[in-house]
Amino acid sequence: MDENETEIEVVVAGAGPTGLMLAYELALAGVETLVLEKLPRPVEQVKGGGIQPRTAEMLELRGLLEPLLKRAVSREPVGGHFATLPVPLDCAPWGTRHPYPIAIPQWEIEEVLEERAIAAGARVLRGAAVSGVEQDGDGVVVTAAGRAVRARYLAACDGGHSTVRKLLGLPFPGRPGTHQAALADIRLTAASSLVPRQMGHMSGLTRHAGGYWAMLVPLGDDRYRFTFGHAEPADVDRDTAVTHEEITAALHAVYGRETTLGRVDNSSRFTDATRQLEQYRAGRVLFAGDAAHIHPPLGGQGLNLGIQDAFNLGWKLAAAVQDRAPSGLLDSYHAERHPVAAQVLRHTSAQRVLADQDPSEDVAALRDIVIDLLRLPDTNRHLAGLMSGLSLRYPLPGDHPLTGQRVPDADLITEGGPTRLSTLFRSGHAVLLDLAGTVPAGLRLPPQVDLVHATCPDIPATSLLIRPDGYTSWATDGSAAPADSLRTTINNLTNTP
């Protein structure tokens, strides 16, 4: 190593929700982690402001949900949406304690995650734009803000315009954007009767008038998230600032001239581009969040997809850094998460058609059919599971129905008294849950697996091994747990002797 280089175990590029969630997971596992963020200070932008039910469950596994709920925006207790169609998605059949999306401005999510990541031992360096990436078989050298940092691994969480991805010359195949819209966090000094007073279902927040489509979402204290576009948009570069005049024109057209813009806190433009990396790993560099995939912002998927990437990658990358990862564990990050994002790209593309603000006669007929289908319980359950992330099942080996699935946050009776399943994962470890005294006595477990004896009539298994990200990797209904298959599964999570 050059004498001017600094050594660290993992560098995370990007201090958005994905990067900060990953930094927390790594620091929790004892990995020395440095986050490099190009912006000199956090931006108080609402942006991706919704936490889906499965993301809420995962955050609760680490005790991160409670501080976020204290910052949540008041909203009607109503389900999410598919393509803004006027039928709420019902997540109750999926057995979750969080059946509704939670509205929290993205900057507040980032603030909580950064506080917890730093408290766990991670470092965040702002004003440090990545300008160089060079790797070899043993590590990667990242240049930022005039200094070089050598790390075992680099995690690129630096957004849809990822600098790391460009420096490595990786293609980002997909479809370029064909429609452009604007997003602004604004303050109103006067509001007409057309302006919503409380956040509700997305279908009730979308309006069309004067050639515009718009969504005005109340955030409290005269603050609103304003998303809008025009049927015949001007040919404006995406990086061009959204003007006060543009926002005023859209507000007046859709909500009346008595609606008065007081202040614009921040604004940006976005498109419906759809792209995905072919591989989430390039040697010692791994990609997560928008650096790995982008899609139309329909259904509140982006922030959630990124945070769930981080949960999947974090414990695997920590095991690799600490030389306790079995062969193939780190590569399973791509194998498991690439198909998930590919599915999101497909269904957001479908939603893009159904949510067309000026639909053709054929699309209007299709919308009517899909609305009727959404009113059927089985269809609603399927799409609710898809949009919330609750139905995700990883293709893990094993024939038990729970294998690869999330386990709902059940009530348990343990040796220490009543508790909930989610409380067992605060350490970031895997959990071997023995519900019937069937785990072989004297079974040797690595430090990263916690054995918990409990009773719970709501979990259809006698014992199960749950990964740090909350997905079942092994389960049995038998009166005695098969020791060989259990040991094999444990070894597939960690090879710690």
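One table, with the values for the structure above:
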| quantity | calculated |
| --- | --- |
| 2 or more residues touching a residue at least 40 places away in the same chain (Cβ under 8 Å) and over 27 Å from Gln351 (Cβ atoms): qualifying helices (runs of 4 or more DSSP H) within the range 25-133 | 53-61, 106-120 |
| Sole residue being under 27 Å from Val340 (Cα atoms), at pLDDT 95 or above, surrounded by fewer than 22 Cβ atoms within 10 Å (Cβ to Cβ) and not assigned by TED's automatic domain parsing to the domain that holds Asp469, chosen from Arg150, Arg97, Arg54, Arg126 | Arg97 |
| Of all residues making up the range 292-303, the number that are buried (at least 24 other Cβ atoms within 10 Å of the Cβ) and touching a Pro at 6+ places or on another chain (Cβ under 9 Å) | 1 |
| Residue check for Val195: buried (at least 16 other Cβ atoms within 10 Å of the Cβ), on the phi < 0 side of the Ramachandran plot and either touching a residue at least 12 places away in the same chain (Cβ under 8 Å) or assigned to a loop (DSSP other than H, G, I, E, B) (or both) | yes |
| Residue check, Arg324 surrounded by fewer than 24 Cβ atoms within 10 Å (Cβ to Cβ) and outside any helix (DSSP H, G or I) | yes |
| Number of the condition not met by Leu465 [criteria: (1) modelled with pLDDT of 95 or more; (2) assigned to a loop (DSSP other than H, G, I, E, B)] | (2) |
| Scope the range 168-182; condition part of a strand (DSSP E or B) and farther than 24 Å from Ala156 by Cβ; matching residues | Gln180, Ala181, Ala182 |
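The values are calculated or read from the model by the stated rules, or taken from the named source; none is laboratory data. These figures come from a predicted structure and were not determined experimentally. A quick note on method: Cβ atoms are made from the backbone with ideal geometry, for glycine too, and the neighbour counts reach across all protein chains shown.
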